[in-house]
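What follows is a set of notes on a single structure, which appears directly below.
The values are calculated or read from the model by the stated rules, or taken from the named source; none is laboratory data. Please read these numbers as outputs of a predicted model, since none were measured by experiment. Neighbour counts run over all protein chains shown; Cβ positions are idealised from the backbone, glycine included.
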Amino acid sequence: MPKITAKNDKRLLKLKYWREKIGLKQEDFALLLGYKKSNYSQKENGRSEFRLSEMLKIQKAINDRLKKMGEPELMLDDIFK
């Protein structure tokens, strides 16, 4: 079975897309989750899994930014599936 990476997993590409669309860097989400950038990068690149609590924090951060931009909020599936 091939290893899941950001290059072959659309879920991870969606997360990166939304993070970049709202103008945040990996460092921003690392800080939000209490990680070093390298640890967050491993998660975004598919080398380790996000926990539900982490996904919910990311969803809230994205939705807060989208709301300020006048954009509709996203469901977890819009970001992670």
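Here are a few things to note about the model shown:
- As a summary of the residue check, residue 63 satisfies the conditions (1) at pLDDT 95 or above; (2) out of contact with any Asp or Glu (no Cβ under 9 Å at 6 or more places or on another chain) except for the one numbered (2).
- Long-range neighbours under 7 Å by Cβ, at least six apart or interchain, first residue over 19 Å from residue 42 (Cα atoms) within region 54-66, second among the charged types (D, E, K, R): 63/73; 66/73
- Test: residue 54 is among the charged types (D, E, K, R) and in contact with a Lys or Arg (Cβ under 7 Å, 6 or more places away or on another chain): no
- Residues of region 29-53 that are in a helix (DSSP H, G or I) and free of Cβ contacts under 8 Å to residues at least 12 places away in the same chain: 30, 31, 37, 38, 39, 42, 43, 52, 53.
- For the residues 70, 46, the requirement of being within 12 Å of the chain's Cα centre (by Cα) and of a type in the set (Gly, Ala, Ser) singles out 46.
- Qualifying residue in region 45-55 (condition: hydroxyl-bearing (Ser, Thr, Tyr), buried (at least 16 other Cβ atoms within 10 Å of the Cβ) and over 14 Å from residue 11 (Cα atoms)): no
- Those residues of region 66-81 which are more than 21 Å from residue 10 (Cα to Cα) and surrounded by 17 or more Cβ atoms within 10 Å (Cβ to Cβ), in sequence order: none
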